[in-house]
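Worksheet: the structure to be examined is printed underneath.
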Amino acid sequence: MNVLIVYAHPNPKSLNAAILKEVERGLQEAGHLYTVIDLYQDNFQPVLVYNDSIRRSDLKNDPETARYRELVRQADHLIFIYPVWWYGVPAILKGFFDRVFVSGFAYHYEGMVPKGLLNGKSAWVFYTIDSPGWYVRLVRRSVEWRVMRDAILAFCGIRKVKRFMFAGVKKSSQKRRQKWLASVYHQVRFGLRES
């Protein structure tokens with residue numbers, strides 16, 4: 001399986017960085033081909049620009065994002081790793097969606113009806129959040145997940161999506177974090193073929 005990892009965290013000592021390492025270890029040991037897009041390391045520019053000289057309909061041919069579009073096109077499976085900030089993805093990842101998952105590449109409209117163009121791909125989403133899990137589900141109604149799953153991935157045709165949420169990070173113990181990391185490795189090493 002050809003896997004593309006899209007990673008969005010600025011701190012190389014973060015829990016997200018540790019999750020990335022376990023994902024990579026699991027993929028290597030399972031024999032999957034994979035590529036990592038580290039948005040911060042790439043200094044990805046998240047600001048979407050279109051104006052009189054750059055039309056929105058031309059973004060599918062933007063040379064600055066051509067490499068990213070090609071990596072998405074080649075991937076069978078996408079893995080996203082990021083923290084949830086303000087109940088959404090980091091700005092750099094939002095900018096990645098704005099600039100790479102563009103009309104004519106990731107979706108188009110047939111009349112007034114949107115149609116995803118990334119069909120046949122699957123995705124796993126690993127994210128950390130400081131809020132406790134019960135609060136995320138009951139009070140916030142998992143808005144951070146519904147936007148990612150439905151408004152971004154499913155909209156673009158990626159319907160086979162699985163979530164791995166690590167909630168209550170701020171108050172989590174080292175022991176709990178180690179259990180999380182072990183579960184990440186195990187899931188990627190042994191569970192990816194089922195996705």
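Condition check for W134 on (1) farther than 20 Å from A8 by Cα; (2) touching a residue at least 40 places away in the same chain (Cβ under 8 Å); (3) open to solvent by 10 Å² or more (accessible area, probe 1.4 Å): one failure, at (2). Please find, within the stretch 166-192, the residue that is modelled with the lowest pLDDT out of those that are touching a strand residue (DSSP E or B) at 6+ places or on another chain (Cβ under 6 Å) and not in a helix (DSSP H, G or I). Here the answer is A167.
Flag: A75 matches the condition of being among the hydrophobic types (A, V, I, L, M, F, W, C), within 22 Å of L33 (Cβ to Cβ) and surrounded by 21 or more Cβ atoms within 10 Å (Cβ to Cβ). Can you pull out the residues in the stretch 17-56 that are among the polar types (S, T, N, Q) and open to solvent by less than 60 Å² (accessible area, probe 1.4 Å)? Scanning the stretch 17-56 gives a single hit, T35. Among the residues in the stretch 116-125, are any under 27 Å from R193 (Cα atoms), assigned to a strand (DSSP E or B), among the aromatic types (F, W, Y) and open to solvent by less than 70 Å² (accessible area, probe 1.4 Å)? Within the stretch 116-125, one or more residues are under 27 Å from R193 (Cα atoms), assigned to a strand (DSSP E or B), among the aromatic types (F, W, Y) and open to solvent by less than 70 Å² (accessible area, probe 1.4 Å). Of all residues in the stretch 59-72, those that are buried (at least 18 other Cβ atoms within 10 Å of the Cβ) have Cβ atoms under 8 Å from Cβ atoms of residues that are modelled with pLDDT under 95 and basic (K, R), 6 or more apart or on another chain, in R69/K60. Candidates are the residues of the stretch 82-106 that are surrounded by 17 or more Cβ atoms within 10 Å (Cβ to Cβ) and of a type in the set (F, W, Y); the one that is nearest to K170 (Cα to Cα) is Y82. Applying a threshold of 7 Å to beta carbon distances and a minimum spacing of six or more residues, or different chains, the list of pairs starting in the stretch 146-157 at a residue that is touching a residue at least 24 places away in the same chain (Cβ under 8 Å) and ending at one that is of a type in the set (S, T, N, Q) reads G157/N119.
Exactly one residue out of V23, V47, V84 is modelled with pLDDT under 95 and among the β-branched types (V, I, T), and it is V47. Elements of the type strands (runs of 3 or more DSSP E) sitting completely within the stretch 1-109 and holding at least 1 residues that are in contact with a Pro (Cβ under 8 Å, 6 or more places away or on another chain) and not β-branched (V, I, T): these cover 77-83.
The values are calculated or read from the model by the stated rules, or taken from the named source; none is laboratory data. Predicted model, so just to flag it, every value in this text is computed and none were measured. Using ideal geometry, Cβ is built from the backbone for each residue, glycine included, and neighbour counts are taken over all protein chains shown. In case anyone asks, the SASA skips ligands and DNA or RNA and just uses the protein heavy atoms, side chains included. Shrake-Rupley method; radii C 1.70, N 1.55, O 1.52, S 1.80 Å.
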